[in-house]
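Working notes, structure below.
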Amino acid sequence: MSKKPIIVFEGIEGSGKSHHLSEVSKYLERKKITYIKIREPGGNPNSEKIRKLILNNKSDFNKNTDLLLYLAARSENVNTIKKFYNKKIILIDRFIDSTIAYQHYGMGVDIKLIKFINRFLIKDINVNFTFLNLVNKKNLLTRLKKRKSLNRYDKFNMNFYNKVQNGFLKLASLNKKSYQIVNSNLDIKINEKLILDKIDKLVD
């Protein structure tokens with residue numbers, strides 16, 4: 001594995017993925033290891049404009065429009081990723097597997113279409129490792145209630161989130177060597193240590 005890997009943090013809303021990505025960022029900074037950090041949707045000025053459109057509570061896109069907007073945001077990020085690929089560690093908050101989990105397993109979009117467009121955009125870029133954060137219903141609802149504001153994707157029903165999380169688990173089962181399951185229902189400090197220990201092995 002490259003010592004300048006692409007490391008992705010996946011999981012449904014309230015699973016703690018963004019928190020752990022932030023902790024990894026701080027850890028790399030303390031160790032003076034260079035990296036870049038991207039989120040999807042978002043990551044650069046153009047992608048952030050698309051993010052606001054996708055997550056706006058007044059937006060009411062059909063599932064195919066949602067897919068194409070997410071992939072349009074990714075298209076804007078690809079040049080940034082290519083620029084630093086194998087040169088710096090790349091941390092990504094959601095990536096290809098989120099598109100499959102949400103748009104295919106959650107919304108029922110044809111997986112062949114998703115994979116076809118992703119291959120066109122990504123080409124020979126490969127994710128090296130993925131942390132999949134899992135959360136139960138109780139903690140998901142509790143964490144969402146604590147948020148100051150909720151976007152459109154924070155307001156789906158539990159049936160949708162269950163389908164998405166099960167979709168992530170199916171993807172993880174196909175890539176066991178490059179996935180780390182993180183039970184975010186456990187104490188957060190336990191998971192921080194688990195993730196940072198793995199990060200050490202990935203980048204040292």
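Each reported figure results from applying straightforward, stated rules to the coordinates on display, with no laboratory input. What you see is a predicted model; the values in this text were computed from it and never measured. In this analysis, Cβ positions are derived from the backbone assuming ideal geometry, glycine residues included, and neighbour counts consider all displayed protein chains.
So, in the range 2-23, how many residues would count as being small (Gly, Ala, Ser) and in a loop (DSSP other than H, G, I, E, B)?
4
Take the range 25-40 and flag every residue that is surrounded by 15 or more Cβ atoms within 10 Å (Cβ to Cβ) and either free of Cβ contacts under 8 Å to residues at least 40 places away in the same chain or assigned to a strand (DSSP E or B) (or both).
Residues satisfying the conditions are Tyr35, Ile36, Lys37, Ile38, Arg39.
This table checks each residue for (1) touching an Asp or Glu at 6+ places or on another chain (Cβ under 8 Å); (2) in a loop (DSSP other than H, G, I, E, B); (3) among the hydrophobic types (A, V, I, L, M, F, W, C).
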site	(1), (2), (3)
Leu132	yes, no, yes
Lys138	no, no, no
Leu144	yes, no, yes
Tyr161	yes, no, no
Leu171	yes, no, yes
Lys177	no, no, no
Asp197	no, no, no
Asp200	no, no, no
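For the range 179-195, enumerate the residues that are more than 17 Å from the chain's Cα centre (by Cα), among the hydrophobic types (A, V, I, L, M, F, W, C) and either surrounded by 15 or more Cβ atoms within 10 Å (Cβ to Cβ) or part of a helix (DSSP H, G or I) (or both).
Answer for the range 179-195, where residues must be more than 17 Å from the chain's Cα centre (by Cα), among the hydrophobic types (A, V, I, L, M, F, W, C) and either surrounded by 15 or more Cβ atoms within 10 Å (Cβ to Cβ) or part of a helix (DSSP H, G or I) (or both): Ile188, Ile190, Leu194.
Starting from residues that are under 19 Å from Ser75 (Cβ atoms), more than 12 Å from the chain's Cα centre (by Cα) and in contact (Cβ under 8 Å) with a residue 60 or more places away in the chain, keep the ones in the range 105-143 and report whichever is surrounded by the fewest Cβ atoms within 10 Å (Cβ to Cβ).
Looking at residues that are under 19 Å from Ser75 (Cβ atoms), more than 12 Å from the chain's Cα centre (by Cα) and in contact (Cβ under 8 Å) with a residue 60 or more places away in the chain, I get Asn126.
Please work out if Tyr85 is aromatic (Phe, Trp, Tyr) and either surrounded by fewer than 22 Cβ atoms within 10 Å (Cβ to Cβ) or farther than 26 Å from Asn166 by Cα (or both).
Answer is yes for this residue.
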